[in-house]
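First the structure, in the form of structure tokens, and then the observations on it.
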Amino acid sequence: MIKDLRAAQRGEISFPAEQYVNKFPAKKHDHYLIPAGTIHCSGHDSMVLEISSTPSIFTFKLWDWNRLGLDGKPRPINVERGKHVIQWNRTTEWVNRNIRNHFEVLHEEDGILEERTGLHPNEFIETRRHTFTRTVEHNTNGGVNVLNLVDGYEAVVESPEGKFEPFTVHYAETFIIPACVGRYTITPLGGEECKTIKAYVR
């Protein structure tokens, strides 16, 4: 694989990615956990919400799909650095067992479903997905909450104690709730089903 990546960077071949790397069809609301050392990319026509933390922010690009820079040459990649961090034991079986769509239902009642969606145990961020047609109550529990409305047109975010003015969020918007807020609610507008992803430090 490394030999072929080097040859591709020199322009000698087009890297045969599917010979070495899994290809999974992705659909709306799939969740892939990508612990450090995992080779990954998104496919065409994908909209990705990436949740990551500063210690894991660096990615070494191994292949750039034959794209060229403005100078007409292949854009810089990091095969030599990347080869040292690849976790070669992450086989197809390991991926399916550990990092592909591992949802755990935590709470379910009429109009509200809460699921744990990750991240991987190696990470210190927890992610929760709420699917709801009525008001959902959240609590920061002393930590910052970062949320995104991943489905539904709009929802209103409110503080029962009046700690902030109510505000409306729309599809694909990210919003932050400070740790000091404590309790807050999210209510779908227009009677349609909404989904949020919430991320916070474990």
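The values are calculated or read from the model by the stated rules, or taken from the named source; none is laboratory data. Not measured: the values here are computed from a predicted model. Neighbour counts run over all protein chains shown; Cβ positions are idealised from the backbone, glycine included.
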Number of the condition not met by L5 [criteria: (1) crowded, with 16+ Cβ neighbours inside 10 Å; (2) at pLDDT below 90]: (2)
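Residues checked against (1) surrounded by 11 or more Cβ atoms within 10 Å (Cβ to Cβ); (2) farther than 17 Å from Q87 by Cα; (3) of a type in the set (S, T, N, Q); (4) touching a residue at least 60 places away in the same chain (Cβ under 8 Å):
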| position | (1), (2), (3), (4) |
| --- | --- |
| Y20 | yes, no, no, no |
| F24 | yes, yes, no, yes |
| K27 | no, yes, no, no |
| D30 | yes, yes, no, yes |
| I34 | yes, no, no, yes |
| G37 | yes, no, no, no |
| C41 | yes, no, no, no |
| H44 | no, yes, no, no |
| L62 | yes, no, no, no |
Might you check whether a residue that is assigned to a loop (DSSP other than H, G, I, E, B), out of contact with any His (no Cβ under 6 Å at 6 or more places or on another chain), surrounded by 12 or more Cβ atoms within 10 Å (Cβ to Cβ) and without any contact (Cβ under 8 Å) to a residue 24 or more places away in the chain occurs anywhere in the range 82-101? no
Select from the range 175-187 the residues that are within 20 Å of L49 (Cβ to Cβ) and surrounded by 13 or more Cβ atoms within 10 Å (Cβ to Cβ) and list them in ascending order. F175, I177, I186
Collect the residues in the range 1-60 that are over 13 Å from the mean Cα position of the chain (by Cα), more than 24 Å from G72 (Cα to Cα), assigned to a loop (DSSP other than H, G, I, E, B) and among the charged types (D, E, K, R), keeping them in residue-number order. K23, K27, D45
